[in-house]
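This report concerns only the one structure given below.
The values are calculated or read from the model by the stated rules, or taken from the named source; none is laboratory data. None of these values were measured; they are calculated from a predicted model. Note that we place each Cβ from the backbone using ideal geometry, even for glycine, and neighbour counts take in every protein chain shown.
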Amino acid sequence: MGWLFTQHQTRKELIRSRIRDQDCDGVTYRCLRHTAVGNVLWTVWEVTRPGDETRRYIGCDLMACDRGYGWGYKDLSESMGPCYYSCPLAYLDLVPPANPEWREQVRAWHAARNRRVAVGDVLVFEGLSIPEVRVVEKHGRRVIGEYAGCRYRLPPRVLARVVEQRPAIAG
């Protein structure tokens, strides 16, 4: 389960090779959907074995460039519970659950990413070393919060831990 690199391979070539349909010993692998989110390639695969029913699974390929050599990947699947949650929500509807806990994290990641916050809002967290922050800056999706005189950048994985949001007091 290590990384596989190909000399002189570009990112585009890597993606093309990873989504190619395959037929191995009568087993057919067909890529139904794919999307790259940063350097994570999400795929939905349909596997058909002769005389057996068809099954589907969500693939997660981590992609990286080894400078001076080429692009490579490390393949994972939903059943492995990857610690990446940017999988498109629509993919969850296409595949029977293999890891319900991971799917909850995917939904929480998307909810946090779409969370609407305003400067002055207080965000209360669960399971973090800081109990809450007051939002002091917001630039697009980038949120900066303050607690006990320190500022913190709040990425989506942290916003997924919000259990209460108190709106800014109008003044």
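Select from the stretch 82-116 the residues that are basic (Lys, Arg) and at pLDDT below 95 and write down the one among them that is nearest to Asp61 (Cα to Cα). Looking at the filtered set, the residue picked out is Arg107. With respect to Arg18, determine if the residue is more than 20 Å from the chain's Cα centre (by Cα) and either charged (D, E, K, R) or at pLDDT 95 or above (or both). No; evaluated as a whole, the condition is false for this residue.
Take the conditions (1) of a type outside the set (D, E, K, R); (2) at pLDDT 95 or above; (3) under 18 Å from the mean Cα position of the chain (by Cα); Val136 misses just one of them, which is (3). Going by what's in this entry, would Arg56 be described as basic (Lys, Arg), assigned to a strand (DSSP E or B) and either surrounded by 15 or more Cβ atoms within 10 Å (Cβ to Cβ) or without any contact (Cβ under 8 Å) to a residue 12 or more places away in the chain (or both)? So Arg56 fits the description; yes.
Condition (residue is at pLDDT 95 or above, of a type in the set (Asp, Glu) and not assigned by TED's automatic domain parsing to the domain that holds Gly38) applied to the stretch 144-159: is it met by at least one residue? There is at least one residue in the stretch 144-159 that is at pLDDT 95 or above, of a type in the set (Asp, Glu) and not assigned by TED's automatic domain parsing to the domain that holds Gly38. The criterion of at least 2 residues that are surrounded by 14 or more Cβ atoms within 10 Å (Cβ to Cβ) is met by the following strands (runs of 3 or more DSSP E) wholly inside the stretch 98-171: 122-125, 132-139, 142-147, 162-166. Looking at this structure, is Cys65 in contact with a strand residue (DSSP E or B) (Cβ under 7 Å, 6 or more places away or on another chain), buried (at least 16 other Cβ atoms within 10 Å of the Cβ) and closer than 30 Å to His139 by Cβ? Answer is no for this residue.
Residue-by-condition table, conditions (1) over 26 Å from Pro100 (Cβ atoms); (2) touching a Gly at 6+ places or on another chain (Cβ under 9 Å); (3) surrounded by fewer than 17 Cβ atoms within 10 Å (Cβ to Cβ):
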{"residue": "Arg30", "(1), (2), (3)": "no, no, yes"}
{"residue": "Trp42", "(1), (2), (3)": "no, yes, no"}
{"residue": "Asp61", "(1), (2), (3)": "no, no, no"}
{"residue": "Gly70", "(1), (2), (3)": "yes, no, yes"}
{"residue": "Ser79", "(1), (2), (3)": "no, no, yes"}
